[in-house]
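Written out below as structure tokens is the structure these notes cover.
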Amino acid sequence: MKLEVKDLSVFYGEKQALENITTGIPEHMITAVVGPSGCGKSTFLRGLNGLLREEKGVTLKGEILLDGENCSSLSPDDLRHKIGLVFQTPAPFPFSIKKNMIYGAKYYGLRNQKALDRMVEEKLTQAGLFDEVKDDLNKNALKLSGGQQQRLCIARALTVDPEVLLLDEPCSALDVKSSAAIESLLLSLKSSLTMVVVTHNLAQARRIADKVIFLYNGKLIEEGTADQVFDSPKDPITKDFLAGVFG
């Protein structure tokens, strides 16, 4: 497993958001995390890349291991270099496409201009965006369409060569065409990345996921391959969720 989660519990003050989550995230696969609103999906992602460590009033218990190394032993910078996070709402920085793309690489020490230019083209191409913006890299990124902004944010996350990419509802604000482009992009990245995707869209989870984790009220209710969870759910809560009894 690329990531191992052992007895992870998260508390916001006295309120428990996650309860004794133990699971594994397989390497070079897409793991989809599904469940009703408020079940702890986003909290789970934020725990994986260390954001919760910096929030006041949040307590974490348990362990998260990356390639067998306890993530708590890594600095926040090192951890986010290895584990990137793309948020639900596209959040490009309010400057040019090119400056968005070189920001992280320069932060982590890449200064050679030719290398930066190559990286910009490579990652934008990887995200299926280069041909659309190559003649206008100095355009303010906020003027891109929603789908383009989300692909830019994914491309920007790729510029520091993370080992794991976490995506929190990456298609929730996008139209069908843009969502299909994001799904195609994620599937193309599996050979080089491990991904964890939170989604409310069960059809999307079925299309792209190798593994599915179902959370409910902060607990891991069921996990397995997409076929196992969707076709032969074992827990009655899972069956009710998939049948639309709640969501």
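The values are calculated or read from the model by the stated rules, or taken from the named source; none is laboratory data. As the structure is a prediction and not an experimental result, all values here were calculated from the model. Neighbour counts run over all protein chains shown; Cβ positions are idealised from the backbone, glycine included. Accessible surface areas use protein heavy atoms only, side chains included; no ligands, DNA or RNA. Shrake-Rupley method; radii C 1.70, N 1.55, O 1.52, S 1.80 Å.
Candidates are the residues of the stretch 1-13 that are open to solvent by less than 80 Å² (accessible area, probe 1.4 Å) and part of a loop (DSSP other than H, G, I, E, B); the one that is nearest to N201 (Cα to Cα) is K2. Of all the listed residues (S72, S172, S96), the sole one being open to solvent by 20 Å² or more (accessible area, probe 1.4 Å) and more than 15 Å from the chain's Cα centre (by Cα) is S72.
For the stretch 121-144, a residue qualifies if it is under 21 Å from L189 (Cβ atoms) and part of a loop (DSSP other than H, G, I, E, B), and the qualifying residues are A127, G128, L129, K134, L144.
Return yes when E27 is in a strand (DSSP E or B), acidic (D, E) and at negative phi and no when it is not.
Considered against the rule, which asks whether it is in a strand (DSSP E or B), acidic (D, E) and at negative phi, E27 comes out as no.
Within the stretch 217-245, can you find the residues that are more than 19 Å from the chain's Cα centre (by Cα) and open to solvent by 60 Å² or more (accessible area, probe 1.4 Å)? Those that are more than 19 Å from the chain's Cα centre (by Cα) and open to solvent by 60 Å² or more (accessible area, probe 1.4 Å): N217, K219, D227, Q228, D231, S232, K234, P236, K239, D240, A243, V245.
Taken over the stretch 89-120, the criterion of being in a helix (DSSP H, G or I) and closer than 17 Å to L144 by Cα is satisfied by I97, K98, K99, N100, M101, V120. So for the stretch 193-206 (the condition being among the β-branched types (V, I, T), surrounded by 16 or more Cβ atoms within 10 Å (Cβ to Cβ), farther than 25 Å from P162 by Cα and at pLDDT 95 or above), does at least one residue qualify? Looking for residues that are among the β-branched types (V, I, T), surrounded by 16 or more Cβ atoms within 10 Å (Cβ to Cβ), farther than 25 Å from P162 by Cα and at pLDDT 95 or above, one finds none in the stretch 193-206, hence no.
Close Cβ contacts (under 6 Å, 6 or more residues apart or on different chains) running from residues in the stretch 63-90 that are within 19 Å of L18 (Cβ to Cβ) to residues that are assigned to a loop (DSSP other than H, G, I, E, B) and open to solvent by 30 Å² or more (accessible area, probe 1.4 Å) comprise Q88/S172.
Residues in the stretch 109-133 that are surrounded by 13 or more Cβ atoms within 10 Å (Cβ to Cβ) and either modelled with pLDDT of 95 or more or on the phi < 0 side of the Ramachandran plot (or both): how many?
16
Taken over the stretch 14-41, residues that are of a type in the set (G, A, S), at pLDDT 95 or above and surrounded by fewer than 18 Cβ atoms within 10 Å (Cβ to Cβ) amount to 1.
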